[in-house]
Every structure is written in structure tokens, then in C-alpha cells.
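Taking it in order: structure first as C-alpha cells, then the write-up.
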Amino acid sequence: MIPVILSGGSGTRLWPVSRQQMPKQFCDIFGEPLQTLTLKRCLRMGSPWIVTSKALQTLTELNLKTNQGEAVKANQGEAVKANQGEAVKVVYEPVGKNTAPAVAALCKLLLDQGKGDEIVGVFPSDHLITKEDAFLKVVEFASAVAKENRVVTLGITPSYPETGYGYIQTKTASLKESGALKAYSVVKFHEKPDLKKAEEFLAQGGFSWNAGIFVFKVSHMASLFEKHQPAMWAQISALKADASNLGDIYAQVQSISIDYAIMEKLSESELACVPADFGWSDVGSWDAVAALQKGQDIINVKGKDNFVFGEPTKNYSMIGLEDVIVVDTKDALMLVKKGQSQDVRHVVETLTQAKSPLVKEHVFEYRPWGYFEILKDTENFKSKVIRVNPHSQLSYQSHAKREEHWTITQGSGEVVLNDQVIPVKAGSHIHIPLGAKHRMRNNSSEMLEFVEVQLGTYFGEDDIVRYQDDYSRN
């Protein structure tokens, strides 16, 4: 199988931890980022592809660099030995156009590689699966069904009347079985129901939650795009084998989900569902997170059933409160009653209307060369702590509206200032005048850390002219 990880998302449902520049698949919510857990799972099936946005390239590459080797080692066995050393392939979308163009583009690239008969599994990067062995058996069975030219969607056997998921209605008689696993023809996809309708689905039986996971043969899916989305497929067919013209194609292609574009148009003979229980959650709200983990230790006085996701070094005490979720980050604090966390979208909408940076970014940011965290941001100055990875360097750059003072706090390296190379170590101070060309270079095998204080009239990250950059940034 070729596992494909779809890694998009706007990062709003788990705000304030998840944000546009750090969506939930990259957030450490369950001990490891969901993207890491998904990658490890997929490495047990084959050599994965990742489809994500250009805006998430740095986070994606950092995640791969940190976890790919670890992921292979974590699942050592006959199934993955053949995949060691094979690179994970990544397709960077210039803009998000929902899931249908992503799947169509992937099919075109695989057809160009002569892989029309391969089976593909498409998996969201931000879902949690706790019963991985059971999940792999379900995927293996779904692959066998997909070889018969059916698109197979994985359904989740519902345990309660959930209103936050779409539902898949299946026929009573199975079309294929393997042990306890059964595949059924699909009668209809249903949108997210109200509570009464969800209760009816549960009582009636034959309904599964739509997990957004599907399995298909490459050539068959391509033929379905040609049949049901001929205009899109004609556009995608112009995609070059190296995807170098993806930007031109995405400028024209329609934004539409695979459910609307393909799945809901298929006949019973073209579509199947495999209902199962493999410990799945889409982690779509803070209520879901609170149900899946204990949270931080807190002091409850005359209260109970509270949940805190916050700063690990901070003490949290709650008096007279019940069923409250607290989410605490360095620059935002949210309190919400359990059962109402879906309404976080209204907070995000309010902040968006106010053009608040809290929707988009954290006080910290990952870069290809390392990481920085904003310590203080005022009208008169801005301070950061900056960490540069071993054998990495910042771009050679200048600023038009600020000067900078650098104080090295850990490690050693070199500052290039107007083409002059200056060795630095812990305790060194460098002044970067306004307009001066400069860069920090870490040519050691240890992390380099320095504090930057900016003085000027504007401190935005866009006040920059790059003269040389190892990462081809403008």
C-alpha cells in the first residue's frame, strides 16, 4: 500500500494551542504531535506521501527530520524493513483547495510513475488512533476490497449519538467478510445530524461515523475523477511528473472536498464501507481532548471534573468549579464549560475580525535554522530568545526600520556583519546598526542561543531584505 497523509487545516478548533501557523497536527497534545503518530502508523504500511501546504513546509520538514528515523525504529519488523531508507515524499500545495484536488494530483503523479495498480490509503494527519494493530487489520481488509475496483471508506462503529460527525448508511447484507471484519455497500452519506436524528441512526443500526479515511486503486480513482469531475481531471492531467507546475494548476482548479466531488456520486457497486472500532477520534474539540487524557494535576477545592491543559511548570487551583476546561498558553487563556468547546470558533471569529495575531501565530516560531520565542513586544522595543541548530545559519539580511543588539547566552559561532566575520561565544555582545547586512552562523555541533533586542519604529517579520539564504526564501 501507498499511505498518503493529508496534512492541511487552519488550526482553529483547538485554539489557543492550535493556530494557523501551528495547526493541531504539529502540537504536542498527547505526548507526541499527531502528525508524528500518523507517520509512524503509516510507515508500518509502506512508504508514505504527505500532501500539505507550502506554508507548513518548515514544520513538515522539521517533523520529518526529528521523527522519520525514530518512526522506522519504533516499528521494527518484517513489514517495514523493506521501507527503511526510502524517503517520505512530500507534495506542497501552493494554496489549500480542499481534498479532491489533492487526491487527483496524487493519482496523476502515481500514474506517471507507472503505479496505476497500487492501492492507496488516505489518512488525515490530525486524527488519533489508539488501537493501531486493529486499525492495520482494517486497512489490510479494506485494501483487499479496493482491489475489486471499489472505493472503500472506513466507518467508525458509533457508541453514542454524536452530532459532530457525518454518518455513512450501509446495506444490511455484507458484500465481503474476513473474520469479524465486513464490508458493506453504501446506501447514503448523511450530513452532521441534530441530536434527535443521531439517536434515530443509533437505534436503527447500519450507520457509521464518517472518519474521512478511504482506500482505493490509483487507476480506478483516476477513472472516477475523469467520469465525475472531467473539468478538474483535465486540469490535473497537465501536471508535470515533478509537480513543478502545481501552482499554475491550483490557480484554476475548483476547491471541493473528495466527499462532494467523488464519494457521494458513486453507485453501490463502486463504493464500500468497512465499519470498525480502532480507538478513533478526530480530536475535534477540547471536550474530545479532555475525554482522551487526564490533563495536568490540579487542586480542586469544592469542585470536580475539571480539566487543565496548560504550562507544565505552573500550579492550577480551582475553587467551587465543576466541568470546566482551562487551556493556558503563554499569550492566551481560555475557560470553557464542558460540552460547549465547539463554540471556540466564535472566539476565533471575534479575534479574526479584530485582526489579532493570536489567531495566526504563537509567541514562538519554528524556522528551518531553529526557533525563536518573543519575550517582550512593545512600541519601543522587542526582545526574543533565538536558538540556532548545529551547523545552521540565519539568512544574510538587513532591516530598514530597526537596529538590533545580540547577546550570546549559550554556545559559540560567528556573526557576519557587513561581510566581516566576528567569532562569538557565551557573553559576547554584537550591535547590528540599522541597515547593516548581518547573519548569525552556528558552525558547531551544539545549540547556539542568543537574546536579541530590537530598537526602532517597526518590528514586523516582513522588515527584511535577504541577500543569501540557505533555504531559498525571498
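Within the range 148-173, which residues are within 21 Å of residue 264 (Cβ to Cβ) and outside any strand (DSSP E or B)?
Residues satisfying the conditions are 148, 149, 150, 158, 162, 163, 164, 165, 166.
Taking the condition in the same structural domain as residue 392 (by TED's automatic domain parsing), assigned to a strand (DSSP E or B) and in contact with a Phe, Trp or Tyr (Cβ under 7 Å, 6 or more places away or on another chain), does residue 416 pass? If you could, list the steps in order and put the result at the bottom.
Numbers: in the same structural domain as residue 392 (by TED's automatic domain parsing): yes; assigned to a strand (DSSP E or B): yes; in contact with a Phe, Trp or Tyr (Cβ under 7 Å, 6 or more places away or on another chain): yes.
Taking the combined requirement at face value, the residue satisfies it.
Quick check, is residue 151 farther than 15 Å from residue 276 by Cβ, touching a residue at least 40 places away in the same chain (Cβ under 8 Å) and more than 30 Å from the chain's Cα centre (by Cα)? Show your work before the answer.
Numbers: farther than 15 Å from residue 276 by Cβ: yes; touching a residue at least 40 places away in the same chain (Cβ under 8 Å): yes; more than 30 Å from the chain's Cα centre (by Cα): no.
No, not satisfied.
Could you please find all residues in the range 331-342 being surrounded by fewer than 13 Cβ atoms within 10 Å (Cβ to Cβ) and modelled with pLDDT under 95?
339
When the range 396-438 is examined, which residues are found to be within 25 Å of residue 462 (Cα to Cα) and among the aliphatic types (A, V, I, L, M)?
400, 408, 415, 416, 417, 430, 432, 434, 436
Here is a list: 396, 366, 316. Which entry is within 22 Å of the chain's Cα centre (by Cα), surrounded by 14 or more Cβ atoms within 10 Å (Cβ to Cβ) and of a type in the set (Phe, Trp, Tyr)? Before you say what the answer is, go through the steps one by one.
Details: 396 fails: within 22 Å of the chain's Cα centre (by Cα); 316 fails: within 22 Å of the chain's Cα centre (by Cα).
Being within 22 Å of the chain's Cα centre (by Cα), surrounded by 14 or more Cβ atoms within 10 Å (Cβ to Cβ) and of a type in the set (Phe, Trp, Tyr) holds for just one of 396, 366, 316, which is 366.
Filtering the range 378-391 down to residues that are under 20 Å from residue 408 (Cα atoms) and either outside the structural domain of residue 412 (by TED's automatic domain parsing) or touching a residue at least 60 places away in the same chain (Cβ under 8 Å) (or both), which residue is surrounded by the fewest Cβ atoms within 10 Å (Cβ to Cβ)? Give the derivation first.
First, pick out the residues of the range 378-391 that are under 20 Å from residue 408 (Cα atoms): 381-391.
Adding the requirement that they be either outside the structural domain of residue 412 (by TED's automatic domain parsing) or touching a residue at least 60 places away in the same chain (Cβ under 8 Å) (or both) leaves 381-388.
On the way: 381: 14, 382: 20, 383: 16, 384: 20, 385: 16, 386: 19, 387: 19, 388: 23.
Here the answer is 381.
State all residues of the range 437-471 that are part of a loop (DSSP other than H, G, I, E, B) and not acidic (Asp, Glu); if no residue qualifies, say none. Spell out how you get there, then give the answer.
Going residue by residue through the range 437-471, those that are part of a loop (DSSP other than H, G, I, E, B) are 437, 443-447, 457-464, 469-471.
Once the filter is applied, which keeps residues that are part of a loop (DSSP other than H, G, I, E, B) and not acidic (Asp, Glu), the range 437-471 yields 437, 443, 444, 445, 447, 457, 458, 459, 460, 464, 471.
Identify all residues within the range 252-264 that are touching a residue at least 40 places away in the same chain (Cβ under 8 Å), more than 18 Å from residue 148 (Cα to Cα) and of a type outside the set (Ser, Thr, Tyr); write none if there are none. Reasoning before the result, please.
Within the range 252-264, the first condition is being touching a residue at least 40 places away in the same chain (Cβ under 8 Å), and the residues that meet it are 253-264.
Filter once more, so that each one left must be more than 18 Å from residue 148 (Cα to Cα): 253-261, 264.
253, 254, 256, 258, 259, 261, 264 - these are the residues of the range 252-264 that are touching a residue at least 40 places away in the same chain (Cβ under 8 Å), more than 18 Å from residue 148 (Cα to Cα) and of a type outside the set (Ser, Thr, Tyr).
Within the range 1-47, can you find the residues that are aliphatic (A, V, I, L, M), surrounded by fewer than 23 Cβ atoms within 10 Å (Cβ to Cβ) and part of a helix (DSSP H, G or I)?
37 - this is the single residue of the range 1-47 that is aliphatic (A, V, I, L, M), surrounded by fewer than 23 Cβ atoms within 10 Å (Cβ to Cβ) and part of a helix (DSSP H, G or I).
Just to confirm my filter: which strands (runs of 3 or more DSSP E) fall fully inside the range 196-303 and include at least 2 residues that are in contact with a Phe, Trp or Tyr (Cβ under 9 Å, 6 or more places away or on another chain) and within 19 Å of residue 123 (Cβ to Cβ)? Steps first, answer last, please.
On the way: elements: 207-217, 271-276, 299-301.
Filter on the range 196-303 gives 207-217, 271-276.
Quick one: residue 176 ticks every box in (1) over 20 Å from residue 265 (Cα atoms); (2) part of a strand (DSSP E or B); (3) modelled with pLDDT of 95 or more bar one, so which box is it?
Tallying (1) over 20 Å from residue 265 (Cα atoms); (2) part of a strand (DSSP E or B); (3) modelled with pLDDT of 95 or more, residue 176 fails exactly one: (3).
Hey, can you tell me all the residues within the range 182-210 that are modelled with pLDDT of 95 or more and touching a helix residue (DSSP H, G or I) at 6+ places or on another chain (Cβ under 6 Å)?
Result: 183, 207.
Within the group 328, 297, which residue is at pLDDT 95 or above and not hydroxyl-bearing (Ser, Thr, Tyr)?
Details: 297 fails: at pLDDT 95 or above.
Checking each option against the conditions leaves just 328.
Can you find, within the range 90-139, the residue that is nearest to residue 39 (Cα to Cα) among those that are without any contact (Cβ under 8 Å) to a residue 60 or more places away in the chain and surrounded by fewer than 16 Cβ atoms within 10 Å (Cβ to Cβ)?
Among those that are without any contact (Cβ under 8 Å) to a residue 60 or more places away in the chain and surrounded by fewer than 16 Cβ atoms within 10 Å (Cβ to Cβ), it is 133.
The values are calculated or read from the model by the stated rules, or taken from the named source; none is laboratory data. All figures in this text were calculated on a predicted structure; none of them were measured in a lab. Cβ atoms come from the backbone with ideal geometry, glycine included; neighbour counts cover every protein chain shown.
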